[in-house]
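The structure appears right after this line, and notes come after that.
The values are calculated or read from the model by the stated rules, or taken from the named source; none is laboratory data. The structure displayed is predicted, hence computed values, not measured ones. Backbone-built Cβ (ideal geometry, glycine too); neighbour counts: all protein chains shown.
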Amino acid sequence: MEPRPVLHIPALVMLLACLLTGGTSAHELTARSHVSGALSVWRIEMVDDDGWVGEYSSLALDSAERPHISYFDEFNLDLKYAYQDDSGWHVERVDYAGNMGQYSSLALDASDRPHISYYNESNGDLRYAYQDAAGWHIETVDGDGVDVGQYTSLVLLGGQPHISYYDETHGNLKYAYKDGSGVPHIGTVDSSAGDVGLYTSLALDDIGRPHISYYDATHSDLKYAYHDGANWQIATVPAGAGAVGGFTSLALDAAGRPHISYHDITQGDLEYAYQDASGWHVETVDSAGSVGAYTSLALDVAGHPYISYYDIGKGDLKYAYQDAAGWHVETVPAGTGDVGSYSTSLALDSTGHPHISYYDDTDETLKYAYEPRMVFLPLVLRSAMGQVR
């Protein structure tokens with residue numbers, strides 16, 4: 001018997017993707033050539049369109065790789081939380097006792113329960129909410145007469161919260177956490193003269209020590225702090241001349257070394273800095289117009305960076321990733337009008353596909369974009385007599 005011919009038809013795969021993922025329009029799906037040569041598509045979903053919602057979103061994927069998002073309801077001044085299961089999206093109001101929910105940061109524990117840090121603008125407090133079998137629980141972490149809690153970043157360790165945030169009253173970077181016994185601790189990381197601690201992003205290394213990227217507004221610098229077990233070590237990242245370091249996002253690689261995406265305010269560029277044994281390295285990722293706001297960074301298993309961000313000039317949601325060939329930049333077909341402002345949040349699934357939550361400023365809605373997993377399927381051609389051709 002002659003060998004069976006197998007044809008790989010990208011157009012067929014695209015059609016099957018539309019059918020399998022429910023995409024029916026150009027707004028929902030768009031094709032692009034992935035680095036592996038496989039065809040991939042972006043899928044866009046509406047999460048919440050009830051009023052003016054979706055700012056300050058934070059995304060996490062659970063153990064089944066389903067999305068969970070915390071965000072701010074500007075219309076009702078509430079903290080909200082959305083998650084997806086087999087039946088669709090579900091939306092909950094978490095904290096609605098005043099003006100709650102700006103600067104939200106979400107993490108999931110080992111049971112896929114949500115934990116959220118956020119800002120209470122009514123009282124100028126840092127708050128923390130978590131959900132268990134009994135429902136939602138809300139705590140005030142820091143406040144007491146001072147204005148603290150903007151630019152929160154939350155990470156869990158053993159189910160206990162660790163939070164970096166900005167103290168606006170004193171112009172300081174602060175860090176709060178609960179230890180393994182649940183005892184709270186609050187401290188100042190950087191109290192340099194002037195105004196420091198904006199745009200914080202927190203990560204914990206393999207032994208649970210905190211690392212934080214942030215912006216020094218007085219000196220217009222990108223800064224990086226880490227705890228060595230005894231003291232905080234603080235460095236100014238040599239990120240370039242002018243004002244650099246807005247909208248930072250930090251991730252640690254397998255060796256515990258920092259990688260930071262950020263906005264070059266002076267040049268209007270998206271930039272990326274990382275540290276290795278030889279020191280800091282800085283790369284310009286995107287310089288097409290005014291870009292690089294609201295960055296969110298993730299590393300894949302090989303340590304390659306992926307970044308979601310906002311194109312200020314064009315009002316677009318953009319996405320960049322790096323491989324052996326260099327940086328690749330694309331505009332996510334996230335909707336018409338102004339999309340991607342007031343925070344983007346990126347997570348990678350186990351296959352390295354990106355998932356992004358973002359705010360559609362034109363529609364005033366929360367949306368979610370992701371790349372469905374795609375495979376090429378063999379097409380076998382047979383004659384009317386059933387013979388392979």
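Points to keep in mind about this one:
- Filter result (more than 20 Å from residue 58 (Cα to Cα) and not aromatic (Phe, Trp, Tyr)) within the range 313-330: 313, 314, 322, 323, 324, 325, 326, 328, 329, 330
- Selection within the range 352-363 - more than 17 Å from residue 81 (Cβ to Cβ) and in contact with an Asp or Glu (Cβ under 9 Å, 6 or more places away or on another chain): 352, 353, 354, 360, 361, 362, 363
Results for (1) over 21 Å from residue 71 (Cα atoms); (2) under 19 Å from the mean Cα position of the chain (by Cα), shown as yes or no for each residue.
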{"site": "125", "(1), (2)": "no, no"}
{"site": "140", "(1), (2)": "no, no"}
{"site": "147", "(1), (2)": "no, no"}
{"site": "154", "(1), (2)": "no, yes"}
{"site": "157", "(1), (2)": "yes, yes"}
{"site": "164", "(1), (2)": "no, yes"}
{"site": "169", "(1), (2)": "yes, no"}
{"site": "173", "(1), (2)": "yes, no"}
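- Of the strands (runs of 3 or more DSSP E) lying entirely inside the range 112-204, the ones with 3 or more residues being surrounded by fewer than 18 Cβ atoms within 10 Å (Cβ to Cβ) are found at 135-142, 184-190.
- Residue within the range 338-353 that is outside any strand (DSSP E or B) and more than 20 Å from the chain's Cα centre (by Cα) present: no
- Among the candidates 45, 92, 65, residue that is modelled with pLDDT of 95 or more, at positive phi and out of contact with any Gly (no Cβ under 9 Å at 6 or more places or on another chain): 65
- Sole residue being at pLDDT 95 or above, within 22 Å of residue 43 (Cβ to Cβ) and under 15 Å from the mean Cα position of the chain (by Cα), chosen from 369, 293: 369
- Looking only at the range 228-240, and only at residues there that are loosely packed, with under 10 Cβ neighbours inside 10 Å and in contact (Cβ under 8 Å) with a residue 12 or more places away in the chain, the one that is nearest to residue 263 (Cα to Cα): 228
- Subset of the range 255-303 (residues that are within 27 Å of residue 55 (Cα to Cα) and part of a loop (DSSP other than H, G, I, E, B)): 265, 266, 267, 268, 287, 288, 289, 290, 300
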